[in-house]
Structures are given as structure tokens and as C-alpha cells.
Amino acid sequence: MADVASRAGTSTAVVSYVLNNGPRPVSESLRAKVISAIDELNYRPDLRARALRRPRRWRQIGLLVPDLTLPLFGQFVGRIEVEARARDHLTVIGNTGYDPERELEFATAFAEVGIDGLLVIGAANAPETARLCRHERIPVVWMHNIRGEVAAEIVGVDHVLAGALVTRHLLDAHECRDIAFVGGFTEADVRHGDRETVEQRFAGVRSVAGEGVRQIRTDLTPAGAYAAVGEFLRGRTRLPQALVVATFGQAAATVRAVFDAGLRVPDDIRVVGFDGSAADYGRPRLTAAQQPVDALARRALGRLLGDPDEGAAVPSLRTGESCGCT
């Protein structure tokens, strides 16, 4: 502002009057000089500096999400935004794509903007993001799952329990003992994806079905699932009784691959999965272990804003036609 005033041959007070349309009048000739100086210097008021001078109703939280196109993460974002707005917080969102460098880039940009806290869903670079938040003194809460080690509790459900839950249903309700698992969790299988959660769910499936569970390795994309399941089913004399699909994003592709192989769901192969909306109008409707999205969002935001909710958050089973239930 001092540079603008110097170039216009006036005071910083007059520059302020021009920028804010008052509180004192400025002649048109002097106003024109100030505006010309602003244009020449490409001057822009610092909104963050202005905000420091007056009380704020709205504060800001950053929210990092690995993939906004996936239904589960979209549900988390929607619920967190509603809960944050109710607490007078605006939500700034970054879509990381499970890219460690992009995650850190977003976290750095959010810190420069001046967020009051950070929520990270499915972190791909947890140690570096945590180090940045410590340096910038920004509180951070982790959700769903993370890649890397941090000294903090993750707000989420027990995915091993979720895997055991769907498998126990197949065993007890439908007497399925020959089960195959759809999903990969090694770096060779999955470069950008939620492989930590998939590995935990696979452990839950094996804890009930035993070591004989066959794995259909995929890159966790719908196209990858369709191709891998189709190849697995072609020419096999021993078909599994059921498929456990590791992520909701692969579920529809898996069902399609079964039908395209000339088989029926659930008559020939039963299919179960994870997550998805309760308002599922797909056919057949997927049987799935679901996360309590609303409760998890409230708990994460409460922990970030100093109002922790310590209620239990456990997965629940939603039955549909895909497993043979009516």
C-alpha cells in the first residue's frame, strides 16, 4: 500500500479510502491516480492480513481425500462439510489421488492459506504430512487408513473385523467354504489405491475361511477387477462358491464379469463386498459390510476441534440379493 501511495503521490490513508470506498471522500482525479498506481504495480490486498484485524465468524479446516470419485470418500466429504459448517468452519478440499507428493503439496498450500486444522482421509504420505503439521503447529486427524507410521490413533473401523463379518455371513447363512477374494494389496498390484485397507480386509476373510482362500489380484480399479475376475472364471472346472470384493468401486465390475462369463449371481456364485450407500438400487443389491460414515465424521471433526466423541464405531452388515438373501 505504501508503494501505491508513493507512486500516486498521496498517503496510504487515501489509498485505503479508495480501496474501501470510504469512510472519507476522495476526488475523482486523485482516485484515478490511485487506481492507475494499483494497476501498474499489480497490487492486491492481502485478505489474510485483513482477517487478522477483525474477529472471524468462519474458520477453515483442510480436508485431504484420496479419490473424490469413490462413493465412500464422497460420503465422508459430504458429512464432514455439514458437520464443520455447523461449527462455523469452512472446508477446503484437496484430491490427492493417493500421490504422496501431491498430498504434501496440498498440505503445504493449506498451511500457507492459514487453515486451523487438517483432516486426512486415506493418507499416502502420513509421516511427511505429520512432520509438516508439527512444524506449522496445525492440528491433524487421520481417517480411514494411512500409508506410513504416525504416533496417533486413526479414526476408522476395524477392517479386519469387516472382512470377518462378511465371510462369517457367507459361512453361517449360506454354507460357503470355497471363497475367493477380489483385490490386490502389494506395491506390484496397486500403485495408487487403498491397498492397506484391502490387506486388512483380506486378513479378516482368512481369519474365518482359512488359509485356502484364493486371491484374484487386481489394481483396485473397476476395469482391473473386470479383467481379472473374467480371466479367473474362464475355463475353470472348480468355481468358488462366493467372491468377496475388497472395495465398493470393484463390486459392479465383478458382478458384470460373472454374468459375462455365463454365470449368475447369486445362483452360481455369491458376491459380497464393502461400503456403498444404504440407498443402493443396483441389481442384485450388494450384501456389504458398511462403515458408520456419520459417526466417523463426527468423531474425526470433534477430535480436531477439541470435542472428542469416544463412542464405538464398528462395521455393520447390510444384506442384499447378491449373497442369496432376500
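The values are calculated or read from the model by the stated rules, or taken from the named source; none is laboratory data. Note that this is a predicted model, so its numbers are computed, not measured. Heads up, the Cβs are rebuilt from the backbone with ideal geometry, glycines too, and the neighbour counts pull from every protein chain shown. These area figures cover heavy atoms from the full protein model, side chains too; ligands, DNA and RNA do not enter into them. Shrake-Rupley method; radii C 1.70, N 1.55, O 1.52, S 1.80 Å.
In square angstrom, rounded to the nearest 10, how much accessible surface does Trp58 have for a 1.4 Å probe?
Rounded to the nearest 10, that gives 80 Å².
With contacts defined as alpha carbon pairs under 8 Å and 6 or more residues apart, what's the relative contact order of the stretch 159-237 in percent? Before the final figure, lay out the partial values.
Numbers: 102 pairs, mean separation 29.9, N = 79.
Averaging sequence separation for qualifying contacts and normalising by length gives 38 percent for the stretch 159-237.
Just to make sure I understand: if all protein chains stay in place, what is the order of Glu103, Glu187 by accessible area at 1.4 Å, largest first? Intermediate results must be reported in sequence, preceding the final value.
Numbers: Glu103 0, Glu187 145 Å².
Output order, biggest surface exposure first: Glu187, Glu103.
Between Ala227 and Asp88, what is the FRET efficiency for a Förster distance of 56 Å, r being their Cβ-Cβ separation, to the nearest 0.05? Walk me through the numbers on the way to the answer.
Numbers: r = 48 Å, r/R0 = 0.85.
The pair Ala227/Asp88 has a calculated efficiency of 0.70.
Roughly speaking, to the nearest percent, how much of the chain's 1.4 Å accessible area is carbon and sulfur?
Carbon and sulfur atoms account for 49 percent of the accessible area of the chain.
Can you bin the stretch 193-250 into rounded, prolate or oblate? Criterion: square roots of the alpha carbon gyration tensor eigenvalues sorted a ≥ b ≥ c, rounded for a/c under 1.5, prolate for a/b above b/c, oblate for the rest.
Working: a/c = 2.45, a/b = 1.08, b/c = 2.28.
Oblate, because a/c is 1.5 or more while a/b does not exceed b/c.
Express the relative contact order of the stretch 100-160 as a whole percentage, based on alpha carbon pairs under 8 Å and six or more residues apart in sequence. Intermediate values should be presented prior to the final figure.
On the way: 82 pairs, mean separation 19.8, N = 61.
Contact order relative to length: 33 percent.
For the chain, report the % of Cα-Cα distances exceeding 30 Å.
Values: 25025 of 52975 pairs.
Looking at the chain, the distances longer than 30 Å represent 47 percent of pairs.
With just the Cα atoms defining each centre, how far is the stretch 131-171 from the stretch 214-235? Give it in Å.
The stretch 131-171 and the stretch 214-235 have Cα centres spaced 27 Å from each other.
About the Cα centre of the stretch 95-172, what is the dipole size in debye to 20, counting +1 per Lys and Arg Cβ and -1 per Asp and Glu Cβ, all else neutral?
Details: 6 positive and 12 negative charges, 28 e Å.
Magnitude of the dipole: close to 140 debye.
So what does Cys325 come to for accessible area, using a 1.4 Å probe and Å² rounded to 10?
Accessible surface of Cys325 is approximately 30 Å².
Keeping all protein chains in place, calculate the accessible area per residue for the chain (probe 1.4 angstrom), answer in Å².
Working: 16420 Å² over 326 residues.
Result: 50 Å² of accessible area for each residue.
So which residue, out of Leu220, Leu41, Leu72, gets the largest mean-square fluctuation from a GNM of the chain using Cα contacts under 10 Å as springs?
Leu41
Separation of the stretch 95-111 and the stretch 243-318 by C-alpha centroid, Å?
Cα centroid to Cα centroid, the span is 27 Å.
So, how do all the Cα-to-Cα distances of the stretch 197-322 break down into 10 Å bins, in percent, from 0 on up?
Taking every Cα pair in the stretch 197-322, the percentages come to 12, 38, 31, 12, 5, 1.
May I ask you to work out the translational diffusion coefficient for the stretch 106-204 at 20 °C, viscosity 1.002 mPa s, via Stokes-Einstein with Rh from the Kirkwood sum over Cα pairs, reported in whole µm²/s? Each step should come with its number before you reach the end.
On the way: Rh = 15.5 Å.
Rounded to a whole number, D works out at 138 µm²/s.
Using Cα springs under 10 Å in a Gaussian network model of the chain, which residue among Pro23, Pro308, Pro45 shows the largest mean-square fluctuation?
Of Pro23, Pro308, Pro45, the most mobile in the Gaussian network model is Pro23.
Suppose we look only past 12 Å in the calculated P(r) of the stretch 53-111. What percent of the Cα-Cα pairs does that tail hold?
Values: 1161 of 1711 pairs.
Looking at the stretch 53-111, the distances longer than 12 Å represent 68 percent of pairs.
Output the relative contact order of the stretch 184-326, whole-number percent, from Cα pairs under 8 angstrom with separation of 6+ residues.
Numbers: 200 pairs, mean separation 25.6, N = 143.
Once divided by the residue count of the stretch 184-326, the mean separation gives 18 percent.
List the extent of the Cα atoms of the stretch 1-149 along each of their three principal axes, largest first, rounded to whole Å.
60, 31, 28
In debye, nearest 20, what is the charge dipole magnitude of the stretch 1-157 about its Cα centre with +1 on Lys and Arg Cβ and -1 on Asp and Glu Cβ, if you could check? Kindly include the intermediate steps, with their values, before the conclusion.
Numbers: 20 positive and 19 negative charges, 187 e Å.
Dipole of the stretch 1-157, to the nearest 20 debye: 900 debye.
Taking the Cα centre as origin and putting +1 on Lys and Arg beta-carbons and -1 on Asp and Glu beta-carbons, what dipole magnitude results for the chain, to the nearest 20 debye?
820 debye
Calculate for the chain the 222 nm mean residue ellipticity that helices alone would give, adding -39,500 (n - 2.57) per DSSP H run of length 4 or more and normalising by residue count, nearest 500 deg cm²/dmol.
Working: 12 runs with 145 residues, N = 326.
Here the helix-only value at 222 nm equals -14000 deg cm²/dmol.
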